[in-house]
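The values are calculated or read from the model by the stated rules, or taken from the named source; none is laboratory data. If you're wondering where the values come from, they're calculated on a predicted model, not measured in any experiment. Neighbour counts run over all protein chains shown; Cβ positions are idealised from the backbone, glycine included. Just the protein is used for accessible areas: all its heavy atoms, side chains included, with ligands, DNA and RNA removed. Shrake-Rupley method; radii C 1.70, N 1.55, O 1.52, S 1.80 Å.
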Amino acid sequence: MTDPTPTASPPLLAVRGLSKAFLGVQALDGVDFTVRHGEIHALLGENGAGKSTLIKTLTGVYQRDAGTVALEGRPIAPRGVEEAQRLHIGTVYQEVNLLPNLSVAENLFLGRQPMRFGMRFGLVDRGAMRRRARAVLIPYGLSLDVTAPLGRFSVATQQIVAIARAVDMSAKVLILDEPTASLDAQEVAVLFKVMRTLRSRGIGIVFVTHFLDQVYALCDRITVLRNGRLVGERRTVELPRLDLVAMMLGRELEAAAHRIAPPDDEREEDARPPLVRFRGYGKARSVEPFDLDIRPGEVVGLAGLLGSGRTETARLVFGMDRADRGEAMVDGQAVRLRGPRDAIRLGFGFCPEDRKKEGIVGALSVRENIILALQARQGWLRPIPRRRQEEIADRFIRLLDIRTPHAEQPIQLLSGGNQQKALLARWLATEPRLLILDEPTRGIDVGAHAEIIRLIERLCADGMALLVVSSELEEIVAYSRRVVVLRDRRHVAELRGGEVAVDRIVAAIASESVPVEPRP
Amino acid sequence: MIHRFLPLLVTTAVLVVGFLLCAAQFPNFASLRVVGNLLTDNAFLGITAVGMTFVILSGGIDLSVGAVIGFTTVLLAVLIEQGGWHPLSAFAVALAVAGGFGAAMGAVIHVFQMPPFIVTLAGMFVARGLGFVLSTDSIPINHPLYAELGDLALRFDGGGKLTLPALLMLGVVAAAVVCAHWTRFGANLYALGGNRQSAELMGVPVGRTTVAVYALSGLLAGLAGIVFSLYTGAGYSLAATGVELDTITAVVIGGTQLTGGYGYVIGTFIGVLIQGLIQTYITFDGSLSSWWTKIAIGVLLFVFILLQKGLLAVWTGRGGTPAEA
């Protein structure tokens, strides 16, 4: 979207044809992005869309490969955060941006303290610094002890101080990268008020968030990226939620995928006692309380946009995060999930989303990776005999068709798909009753993708219950008997049987939410 | 507001109470002479501890300072006695060498992103070794200027005096307080100790500050070496062994957090005086082994670390959302 009117004054920030590649992977491909004076502009996109690359290129953390960036018509190319700030582009990150040990005033003026007796070798005028700090914070409605350490204030206050610093350093463009991710509803309201005030002062705000309700409550325009490309820029009032979600997910709604899994007789299914049952289960600032039943042999899909609470739900179920409310039952018995060890003892397994960080142990062999969970459950004092280990490893390598020269190959030398299968094997070896898969097909080529889906179907035919998190809606539709849809950290819908279809999921994600109620 | 200074207040209270107890037991204790000697005897420690405070505030540590003191005394003795240098030129060279040595360690720490503990541990061995290369013997310094400087003092009624080492220490402490709270360099140190990544994002020149703080620590260790040679009238490569640990102790007792970002120079000064006070008490008592100093300091150190831990818990618990310290 280029500005077609050359006579009009140039937009505040004009990005044209921006490209950036990392090791041959095109993170940004010819992206256009325009921010006007006095607007709040949402920058949206799913994982890998290129939002953070775009921001880091604007703030000088990365250098672009191609394209132009102009601020009020003047081309700029910042080489660092400091230079970007001098060029009037300020950034506030979700966390780690100010110093909790310094006072509020020092945080506001670090590196640009008012000086006495000369700028270079003079002394900091602490009185002037305090006075100016108080003055700077007045428009934000903050009246606080500016000499107190910043760490004593709430996250929301700290964020407003960070915004005040950026704006006071003459920011014309203010980039807020997921500022609301760790705030509660009341704090969000305060932040929004600040953002609206800044908008009325002519500042252009780039707002990155995963909360669609917030986008519609606040933003004038929306730019959507997907896979490093620009999908489009729209005015918020002209973009229905359904279309927005479709833009983000890249789905043509007409061509709704059809259900592949045979619809069993649901009434009979529902009559069976659930393997696990969660009631009012949740964790503050993570997922709103939810109810969830999973029956043996059933595949339940968790669908939603990035940041909607999918992974958080999976982590709660596996005990990786501890719930602070609600109850969990297994086989009708109340249980407490205080950590993954409890979950493993109950027969749960979990294949995490980030294989590299949370899953595989790269330097260990395929065999060692496969027997890891089984050995852990049995206790390290009772080692599994080597012969038995080899049997297990060979069986799963055959069963899952893991492509490796032999079981002793270090797992880091395998392809992503094969690593994923080895991870799956690790949990299958423990013969779990409930297996949680978080993005089982991410970063896997098409062939392996289909195999993993087939495998999922076979597993549940054997009576194992599965909870699958995936961004691939067709995939979820293909194997799930039921789909729980999440939005803004809340379970908003549960689709079953014939309702399980891509367009229904998209509609549920896009549905208007009830007004934000204050959290208990 | 109050609890920010609480570690400092506790340290000061310990010093005052300790001094009063000593004075109650020994009538001669509360005199200007004792106080003057306390300052003189601990001058080199105080000067070194100021540099250590800055390093620790910035989130680092400098284990090389004791070795640098030892090396400096030998360098001075060799230059003056064997090289025939004038002491003032020898002082200038010693300060330059010690400061340069610190700057080099700071550069290694920053450029190679190495842990300060390891780099300065290596620096400690290098400096100690270099001292032995120059001379393994204790070399007396007999230059007349040394005698003159030794006599230089502000004298008070009743036999109290502030010697040149004591005056130097007080000057360094005063300059350091100004530097920590009224200069950008000082603010950058606290920022660095608070969170390196945030400090960088906020435009703190991380590399320059790191090099500067280790250079300053080296420079002050060099100055402490000069003071130490004035005090002992000799240069010896084994001098000031373990002083790095005494200075770290003074810094921690003074209320500075070992993880960086929180603390005050003046606290370190009081920490040094507390150590000196215990030593003086044992000298006055006469019957106690001087090793009781170490035991008392060990206990005190432990108590102060517990105090800090407790304060931090109260602090973060009270302020609403806990922030990462």
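For peptide A:144-152, how many partner chain Cβ atoms fall within 10 Å of a residue's Cβ, on average?
If you average over the peptide's residues, the count of other-chain Cβ atoms is 4.
Say R0 is 41 Å: what FRET efficiency, to the nearest 0.05, do A:Glu494 and B:Leu307 get from their beta-carbon distance?
Calculated value: 0.15.
So, with +1 on the Cβ of K and R and -1 on the Cβ of D and E, and no other charges, what is the size of the charge dipole of the protein assembly as shown about its Cα centre, to the nearest 20 debye?
It works out to roughly 1040 debye.
Taking only C-alpha pairs under 8 Å that are 6+ residues apart, what is the relative contact order of chain B in percent?
34 percent
Taking beta carbons within 10 Å but only from partner chains, what does the mean come to for residues B:187-196?
If you average over the peptide's residues, the count of other-chain Cβ atoms is 5.
Enumerate the residues in the range A:378-408 having an amide nitrogen under 11 Å from the point lying 7 Å beyond the Cα of A:Ala461 toward its Cβ.
Flagged as within label range: none.
Roughly how compact is the range A:13-249, stated as its Cα Rg over 2.2 N^0.38 Å to two decimals?
Cα Rg divided by the expected 2.2 N^0.38 Å: 1.05.
In whole Hz, with x marking every Gly and Pro, tabulate ³J(HN,Hα) for the range A:376-388 from phi via Karplus 6.51 cos²θ - 1.76 cosθ + 1.60, θ = phi - 60°.
For the range A:376-388, the Karplus-derived couplings read 5, 5, 7, x, 6, 7, 10, x, 6, x, 3, 4, 5 Hz, x marking Gly and Pro.
Using only atoms on other chains, find how many Cβ atoms lie within 10 Å of each Cβ of peptide A:73-82 and report the average.
That average works out to 1.
What does the buried accessible surface come to for A and B, summed over both chains, with the probe at 1.4 Å? Round to 100 Å².
Result for this pair: about 2500 Å² buried.
What part of the accessible area of chain A, given as a whole %, is carbon or sulfur when the probe is 1.4 angstrom?
Of all accessible area on chain A, carbon and sulfur atoms account for 51 percent.
What percent do you get for the relative contact order of the range A:13-249 when only Cα pairs under 8 Å and 6+ apart count?
29 percent
Relative contact order, percent, of the range A:356-431 when contacts are C-alpha pairs under 8 Å separated by at least 6 residues?
48 percent
Using +1 at the C-beta of Lys and Arg and -1 at the C-beta of Asp and Glu, which of A:Ala510, A:Ile476, B:Ala23 has the Cα lying farthest in the positive direction of the dipole of the protein assembly as shown?
B:Ala23
Could you calculate the contour length gain from A:Leu242 to A:Asp342, that is, 0.36 nm times the residue separation minus the distance between their Cα atoms, to one decimal place in nm?
Roughly 32.0 nm would be gained on extension.
7 Å from Cα along Cα→Cβ at both A:Arg454 and A:Gln378: what's the point-to-point distance in nm?
If labels sit at A:Arg454 and A:Gln378, their model points lie 3.0 nm apart.
With θ taken as phi - 60° and the coefficients 6.51, -1.76 and 1.60, list the Karplus ³J(HN,Hα) couplings across the range B:132-138 in order, rounded to whole Hz; mark glycine and proline as x.
Result, ordered by residue: 5, 4, 5, 6, 9, 8, 7 Hz.
Between B:Ala175 and A:Asn227, how many nm apart are label points set 7 Å from Cα along the C-beta direction?
That separation, rounded to one decimal, is 6.5 nm.
Considering only B:Gly186, B:Ala67, B:Pro165, whose Cα is most displaced toward the positive end of the charge dipole of the range B:2-314, charges sitting on Cβ of Lys, Arg (+1) and Asp, Glu (-1)?
About the Cα centre, the residue reaching furthest to the positive side is B:Gly186.
For the cross-link pairs A:Lys56/A:Lys283; A:Lys56/A:Lys193; A:Lys20/A:Lys56; A:Lys51/A:Lys172, which exceed 22 Å when the distance is taken from alpha carbon to alpha carbon?
Violating the 22 Å limit, Cα to Cα: A:Lys56/A:Lys283; A:Lys56/A:Lys193.
How would you rank A:152-164, B:49-61, highest first, on the average number of other Cβ atoms within 10 Å across their residues?
Final packing ranking: B:49-61, A:152-164.
Please work out the FRET efficiency for the pair A:Asp145 and A:Ala189, using the Cβ-Cβ distance as r and a Förster radius of 30 Å; give the result to the nearest 0.05.
Working from the Cβ atoms, E equals 0.80.
Between rounded, prolate and oblate, where does chain B land on the alpha carbon gyration tensor, with a ≥ b ≥ c its root eigenvalues, rounded for a/c under 1.5, else prolate if a/b exceeds b/c?
oblate
Using θ = phi - 60° and the Karplus relation 6.51 cos²θ - 1.76 cosθ + 1.60, list the HN-Hα couplings for the range A:230-245 in order, rounded to whole Hz, with x at every Gly or Pro.
Calculated HN-Hα couplings, in order: 6, 8, x, 10, 9, 7, 4, 5, 9, 10, x, 4, 4, 5, 4, 4 Hz.
Rounded to the nearest 500, what is the 222 nm mean residue ellipticity of the protein assembly as shown from helices alone, with -39500 (n - 2.57) per DSSP H run of 4+ residues and division by all residues?
Theoretical 222 nm ellipticity from helices: -15000 deg cm²/dmol.
Name the lysines eligible as straight-distance cross-link partners of B:Lys161: C-alpha to C-alpha under 30 Å, and not fewer than 8 places from it in the same chain.
Correct list for B:Lys161: B:Lys294.
So how strong a dipole does the range B:2-314 carry about its Cα centre when Lys and Arg Cβ are +1 and Asp and Glu Cβ are -1, to the nearest 20 debye?
640 debye
How do A:Lys421, B:Lys294 stack up against each other in accessible area, from largest to smallest, with a 1.4 angstrom probe?
The most accessible residue leads, giving B:Lys294, A:Lys421.
Name the residues whose placed amide hydrogens come within less than 5 Å of the amide hydrogen of A:Phe290, ignoring near sequence neighbours (fewer than 5 apart) on the same chain.
A:Gly280, A:Tyr281, A:Gly282
Can you figure out the FRET efficiency of A:Ser154 with B:Gln82, using R₀ = 60 Å and their beta-carbon distance, to the nearest 0.05?
Plugging the Cβ-Cβ distance into 1/(1 + (r/R0)^6) gives 0.40.
How do A:452-459, B:14-21 rank on mean C-beta neighbours within 10 Å, highest first?
A:452-459, B:14-21
Pick from B:Gln275, B:Gln308, B:Gln82: which is most flexible by mean-square fluctuation in a GNM of chain B where alpha carbon atoms under 10 Å apart are linked?
Its mean-square fluctuation being the largest, the pick is B:Gln82.
When all protein chains stay in place, what accessible area (Å², nearest 10, 1.4 Å probe) is found for A:Glu187?
30 Å²
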